[in-house]
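Each value in this text was obtained by applying a stated rule to the coordinates, not by laboratory testing. Predicted, not measured: the structure shown is a model, and the values here were computed from it. No Cβ is skipped: glycine too gets one built from the backbone with ideal geometry, and neighbour counts run over all protein chains shown.
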């Protein structure tokens, strides 16, 4: 599912417009204090992973390339076709 299809699906489910969904989604920003903690402390000691129920293009829409590079491994539900909380993911 593409990000556009995701937005359209949310609009249909919510009985609203795609523009309204986009406005709401644009309010969601990465947790900068968490990213600072990852950069300055956690990344020095640990491998960092991301597991997310997400659609295609989601990473590019929400994160900068620098943010994405903080993660050693990224598992996105649309790629593995399994969503949380399924124990297989």
What ranking do 60-66, 3-9 get when scored by the average of other Cβ atoms within 10 Å per residue, highest first?
3-9, 60-66
Let me check against my output: what whole-number percent is the relative contact order of the chain, with C-alpha pairs under 8 Å and at least 6 apart?
29 percent
Which label belongs to the value computed from this structure, given these candidates for mean projected area of the Cα convex hull in nm²: [x] 6.0; [y] 13.8; [z] 6.6?
[z]
Mind pulling the angle between the C-alpha long axis of helix 3-14 and the longest principal axis of the chain? Nearest 10 degrees, somewhere in 0 to 90.
60 degrees
Between residue 22 and residue 72, how high is the FRET efficiency from 1/(1 + (r/R0)^6) when r is the Cβ-Cβ distance and R₀ = 22 Å? Nearest 0.05.
0.10
In deg cm²/dmol, rounded to the nearest 500, the helical mean residue ellipticity at 222 nm of the chain, built from -39500 (n - 2.57) for every DSSP H run of length 4 or more, is -11000 deg cm²/dmol
